[in-house]
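The values are calculated or read from the model by the stated rules, or taken from the named source; none is laboratory data. What you see is a predicted model; the values in this text were computed from it and never measured. Here the Cβ positions follow ideal geometry from the backbone for every residue, glycine too, while neighbour counts run over all protein chains shown.
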Amino acid sequence: MMRLLRGLWRILSGISRAITVLLPLVFIAFFFIGLSIGMKESAPEPLPDQAALLIAPAGPLVEDNPPIEPIAAFLNQDYQRPVLLHDLIRAIQWSASDDRITALILNLEDLAGPSTSQTLELSEAIAAFKATDKPVIAVGDFYSQAQYLLASQADQVLLHPEGGMFLEGFSVYRSYLRSFLEKIRVTMHVFRAGDNKSAVEPYLRDDMSERERAVVSRWISGLWAAYAELAETGRDLPPGALNAFIDSFAEQLAASDNDLAETLVAGGWIDVLADHTEMNALLAERVGVTDEEGLPQTVEFERYFEDMKQQRMLAEEGFPLIAIVPVEGTLVPGESEEGMAGSDTINGYIDTAMEAEDIAAIVLRVNSPGGSVFASDLIRRKLAEAREAGIPIVVSMGTVAASGGYWIAAEADEIWALPTTLTGSIGAFSAFPTVEGILEYIGVTVDGVGTTSLAGAASFDRGVSPEMARIIQALSYSAYDDFIELVSRGREMPPEAVQEIAGGLVWTGAEAAEIGLVDSLGGLDQAVSAAAALAGVEEWRTGRTSVPPSFESVLLEELSRSFSAALPLGWGWTESLATSFKPVVKGLSALRDPMHVYVQCLPCAPVP
């Protein structure tokens, strides 16, 4: 019997070892088979002689493509990398003077956003395209408020008769937790420097303070005014038309027999109501050329961009390089992840730019609400190294460059912002919960000894001692003082003057230009031109730093797609489960500062 059991054990062990060796090989074989098929299917074809450029991005517009997380790539069968905002802008700019492109079609139904600041930059490229007398047409079944602002820049806006759009304005509402925390007996310890550093207000109050209400009302009103002006200009409507339409929307809807689409046409926001067949016919007429199926001939912007990029690289070979270094997301120590800009990754970008033989200047493109003080200062110091090496540094602010986003920008040679950029928020805070109240309620006691008065003075289960509270508050004050000093030094302003505009106050880019926090208003193209002027070059090429996807991520992404095809039913729950937990996990994982002190503008993160 023992010999039989030992024999069975050897057989099972052999099978286990075989699986251990063969399974990875099978995965790799699947990967390379899928890759070879994909390469055959994606063999590039020449662009059509004439076609419309189709702008139909999926997901958000971003400044940087983060590395794909291997597990996320495996779970998400339909994963698509976000679209880089300035790839989109370049494609539109290049197509304006390209005789092969006869029209521009905006299909925005899968686009998340864009922000008002992103639309401002896109609208400049669209205006240049329209100036060549080529038509721009927006099509959609539904438009979100953000999508419509971009669509309003078209010559003609088409909507499905059963579709719609809802214009309502901007708002900022937050959940206030003081009473809730009291009821569940959780103590939230909050330390801040800057009277208007409102990131911690939800833990201390049950409503928005009057001071915070005034601050938010100021900057959000500025953003909405910019939205309204851009939409009214795009639709050739008088100033005030948008607010008047919203204020009387119920009456106008009733006047159109409660038909939403007809109400939008009557208000001048939509030009034509058309179903899909009618849309295709209208597009074919405007584009002027059809494909084999009689549909309007189009070329997707991704394909067009890659084709044109290769041509531009050859034409610009040998030109001095202006490196564009993107900073996208919450600032954290370590490597970048989805939604987070890691200091190690950003500093690696800067090192790569500094090592380029033909480097002329660096443009830091910032779209970040801030984050860790430690991460922010690591990036600031690396930029200082580049300046000491004689490389001009220009900052271009995107949708938001506040708190830590401004920390890394303050000492640049020049700072450029869009009128609708959110910036400033010069302040610091620290916040964390303890559960001594819960333990007391359920009858759990914590006791012990420590070697000093500070040993165990800040504990999740015991709370924070008064002495430790004074120390943590002092660290927040220290970070705030450092922030004031570097802004004073970088912007050549007296510390007293910086104090007046700091305190956690949030400013729009237009306001920041007036008070000296930024030098000029403009987008990335203007910032690049400014960097070229500082470097003393008349011709240049640009290059964007990025992290290539890891082998593990690509492998798991391909395997995921293979499994998705093999298991079409019941597999999507894994993605849904991962997606539902992502905001919580990301929010917690962003709290990585070694001293637990942050320069972050939380209300700025979901800006419109």
Original post:
Only one of (1) in the same structural domain as P369 (by TED's automatic domain parsing); (2) surrounded by fewer than 18 Cβ atoms within 10 Å (Cβ to Cβ); (3) part of a loop (DSSP other than H, G, I, E, B) fails for V449. Which number is that?
Top reply: (1)
Original post:
Do you know which residues across segment 181-204 are part of a helix (DSSP H, G or I) and either of a type in the set (D, E) or modelled with pLDDT of 85 or more (or both)?
Top reply: L181, E182, K183, E201, P202, Y203, L204
Original post:
With (1) within 16 Å of the chain's Cα centre (by Cα); (2) touching a residue at least 60 places away in the same chain (Cβ under 8 Å) as the list, and F374 as the residue in question, which single condition is left unmet?
Top reply: (1)
**OP:** Restricting attention to segment 157-185, report how many residues are crowded, with 16+ Cβ neighbours inside 10 Å, among the hydrophobic types (A, V, I, L, M, F, W, C) and farther than 23 Å from L602 by Cβ.
**Re:** 5
Original post:
Do you know which residues across segment 235-260 are of a type in the set (A, V, I, L, M, F, W, C) and farther than 17 Å from G164 by Cβ?
Top reply: L237, A241, A244
**OP:** Scan (1) outside the structural domain of K134 (by TED's automatic domain parsing); (2) touching a Lys or Arg at 6+ places or on another chain (Cβ under 9 Å); (3) over 30 Å from G370 (Cβ atoms) for the single condition V299 breaks and write down its number.
**Re:** (1)
Subject >> Positions within segment 108-154 being of a type in the set (D, E), in contact with a Leu (Cβ under 9 Å, 6 or more places away or on another chain) and free of Cβ contacts under 8 Å to residues at least 40 places away in the same chain, in sequence order >> reply: D141
Subject >> Scope segment 285-310; condition assigned to a helix (DSSP H, G or I) and closer than 13 Å to I105 by Cβ; matching residues >> reply: E285, R286, V287, F301, Y304
Original post:
Out of A431, A386, which single residue is part of a strand (DSSP E or B) and farther than 22 Å from W219 by Cβ?
Top reply: A431
Original post:
Of everything in segment 329-358 that's in contact with an Asp or Glu (Cβ under 6 Å, 6 or more places away or on another chain) and of a type in the set (D, E), which residue is modelled with the lowest pLDDT?
Top reply: E335
Original post:
Can you tell me which of G443, G437 is more than 29 Å from E121 (Cβ to Cβ) and either of a type in the set (S, T, Y) or assigned to a loop (DSSP other than H, G, I, E, B) (or both)?
Top reply: G443
Subject >> Identity of the residue in segment 544-557, of a type in the set (D, E, K, R) and crowded, with 16+ Cβ neighbours inside 10 Å, that ends up modelled with the highest pLDDT >> reply: R544
Subject >> Matching residues in segment 522-543 - criterion: being in contact with a Pro (Cβ under 6 Å, 6 or more places away or on another chain) and either under 21 Å from Q310 (Cβ atoms) or surrounded by fewer than 18 Cβ atoms within 10 Å (Cβ to Cβ) (or both) >> reply: L534, V537, W540
**OP:** Any residue in segment 385-401 that's in contact (Cβ under 8 Å) with a residue 12 or more places away in the chain: show its pairings with residues that are assigned to a strand (DSSP E or B) and acidic (D, E) at Cβ separation under 6 Å, as long as the two are six or more apart or on different chains.
**Re:** V394/E414
Subject >> Flag if E232 is loosely packed, with under 15 Cβ neighbours inside 10 Å and outside any strand (DSSP E or B) >> reply: no
Original post:
Considering R365, R381, which residue is at pLDDT 95 or above, within 18 Å of G523 (Cα to Cα) and of a type in the set (K, R)?
Top reply: R365
Original post:
Could you count how many residues in segment 278-319 are modelled with pLDDT under 95, surrounded by 14 or more Cβ atoms within 10 Å (Cβ to Cβ) and polar (S, T, N, Q)?
Top reply: 1
**OP:** Return a yes/no flag: does segment 258-277 have any residue that is buried (at least 16 other Cβ atoms within 10 Å of the Cβ), part of a helix (DSSP H, G or I) and of a type in the set (V, I, T).
**Re:** yes
**OP:** Would you check if R205 is in the same structural domain as P114 (by TED's automatic domain parsing), surrounded by 13 or more Cβ atoms within 10 Å (Cβ to Cβ) and among the basic types (K, R)?
**Re:** no
**OP:** Looking only at segment 483-518, count how many residues are among the β-branched types (V, I, T) and part of a helix (DSSP H, G or I).
**Re:** 5
**OP:** Taking A244 as meeting all but one of (1) assigned to a helix (DSSP H, G or I); (2) touching a residue at least 24 places away in the same chain (Cβ under 8 Å); (3) surrounded by fewer than 17 Cβ atoms within 10 Å (Cβ to Cβ); (4) aliphatic (A, V, I, L, M), write down the number of the exception.
**Re:** (2)
